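Written out below as structure tokens is the structure these notes cover.
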Amino acid sequence: MKKLVVFLVLFFGIWSLQGQIVYNPNIAIKPIPSMSIFKVEMTDTTTTIVVRMINDKQMPPFTLRTKNLFIRPVSDPDRIKLKRSVKAPFTPEKHAFTALNEIFEFTLVFGPLPKNTKYFDLLEDLPKREFYLQGIILDPPLNKMVSRGFQSFAKGDREGALLAFKEMAEADLYFEYGLAYFNIIYLLVQLNRIPEAQEWYDKFKERFFYDKQLYENEFVRLGIRQKLK
């Protein structure tokens with residue numbers, strides 16, 4: 001089963017865009033908290049993704065179980081297959097971390113994403129996925145909103161974080177991951193604004209999200225669900 005990563009209490013990137021390169025894009029869900037994407041570089045023929053991992057606590061050896069990796073725009077059935085890779089540890093190879101805060105990067109090169117793709121998924125083609133980076137945001141306005149929300153929260157500004165995530169939720173109804181809704185509900189409960197949290201939870205239940213059950217489980221784990229109807 002996929003392990004949910006809750007961004008509010010973990011890591012966030014400082015997003016930036018240079019030409020057709022997006023640095024540190026925000027990601028909706030991922031299997032390892034300290035896993036991120038350093039950059040996505042897009043051309044007419046390829047999409048190059050540099051995946052970064054930080055050994056923030058003693059991590060076990062890392063391996064990719066299959067070379068059958070693909071990317072796709074969110075909600076798009078078409079799969080864009082892996083062309084080549086650099087330093088990617090495919091089984092039986094493994095990367096063993098040897099030092100605290102060690103940074104390990106590997107590069108995956110796929111075919112081109114469709115022009116104007118706003119967000120996409122990176123997945124392994126296996127029945128039970130252990131490697132997945134889903135809801136990778138390329139859209140500049142959305143990335144700015146998410147980063148502003150994370151940065152405000154890190155500074156203790158919960159109202160500022162709440163405003164940023166509300167803007168994100170209302171800005172793009174086609175982003176089918178519950179990142180913004182989860183953070184809104186989480187913050188409202190933390191602020192003891194339960195009726196408003198209930199309103200947003202009702203909206204959350206009405207929407208389709210790929211990761212809805214994962215967030216439902218997280219609401220229960222954090223004691224949020226017990227405070228809502």
From the mean inverse distance of alpha carbon pairs (Kirkwood) and the Cα radius of gyration, derive Rg over Rh for the chain. 0.96
Under a GNM of the chain (C-alpha, springs under 10 Å), which listed residue has the highest mean-square fluctuation: Asn68, Asn116, Asn183? Asn116
Mind checking which lysines have their Cα closer than 22 Å to the Cα of Lys229? Skip sequence neighbours fewer than 8 apart in that chain. Lys166, Lys203, Lys205, Lys212
Which residue fluctuates most in the GNM of the chain (Cα springs below 10 Å): Asp78, Asp139, Asp121? Asp78
Give the dimensionless ratio obtained when the Cα radius of gyration of the stretch 7-137 is divided by 2.2 N^0.38 Å. 1.01
Enumerate the amide H contacts of Asn26 below 5 Å, restricted to partners 5 or more residues apart or on another chain; note that Pro and chain-start residues carry no placed amide H. Ile137
Calculate for the chain the 222 nm mean residue ellipticity that helices alone would give, adding -39,500 (n - 2.57) per DSSP H run of length 4 or more and normalising by residue count, nearest 500 deg cm²/dmol. -9000 deg cm²/dmol
Whole-Hz ³J(HN,Hα) from phi, Karplus 6.51 cos²θ - 1.76 cosθ + 1.60, for the stretch 110-116, glycine and proline x: 10, x, x, 6, x, 4, 6
Give me the number: length gained by fully extending Ala99 to Thr66, i.e. 0.36 nm times residue separation minus the C-alpha to C-alpha distance, one decimal in nm. 9.3 nm
Return a whole-number percent for the relative contact order of the chain, with Cα pairs under 8 Å and 6 or more residues apart as the contact set. 18
3J(HN,Hα) from dihedral phi, the stretch 162-173, Karplus parametrisation 6.51/-1.76/1.60, rounded to Hz, x for glycine, proline: 4, 4, 5, 6, 5, 4, 5, 4, 8, 7, 9, 7
In degrees rounded to 10, the 0-90 angle between helix 179-190 Cα long axis and the longest Cα principal axis of the chain is 40
Just going by the charge dipole of the chain, with Lys and Arg at +1 and Asp and Glu at -1 on Cβ, which of Phe175, Met59, Leu133 is farthest out on the positive end? Met59
Between 0 and 90°, nearest 10: helix 194-206 axis offset from the chain longest Cα axis: 50
Expressed as an acute angle from 0 to 90° and rounded to the nearest 10, what is the orientation of the C-alpha long axis of helix 212-221 relative to the principal long axis of the chain? 60
Which of these, Lys166, Lys115, Lys144, has the largest mean-square fluctuation under a Gaussian network model of the chain (Cα springs below 10 Å)? Lys115
Charge dipole magnitude, Cβ of K and R +1, D and E -1 - the stretch 140-227, Cα centre, debye nearest 20: 260
Lys pairs in the stretch 7-137, Cα-Cα under 15 Å, at least 8 apart or on separate chains: how many? 7
Counting only residues 5 or more apart in sequence or on a different chain, those whose built amide H sits under 5 Å from that of Phe106 are Val51
List the residues, sorted by chain then number, that are 5 or more residues from Lys83 or on another chain and whose placed amide H is less than 5 Å from its amide H. Val109, Phe110, Gly111
Return a whole-number percent for the relative contact order of the stretch 66-147, with Cα pairs under 8 Å and 6 or more residues apart as the contact set. 33
So what J values fall out for the stretch 22-30 if you push phi through Karplus, 6.51 cos²θ - 1.76 cosθ + 1.60 with θ = phi - 60°, rounded to Hz, Gly and Pro as x? 10, 9, 6, x, 6, 10, 6, 9, 7
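Each reported figure results from applying straightforward, stated rules to the coordinates on display, with no laboratory input. Please read these numbers as outputs of a predicted model, since none were measured by experiment. Cβ atoms come from the backbone with ideal geometry, glycine included; neighbour counts cover every protein chain shown.
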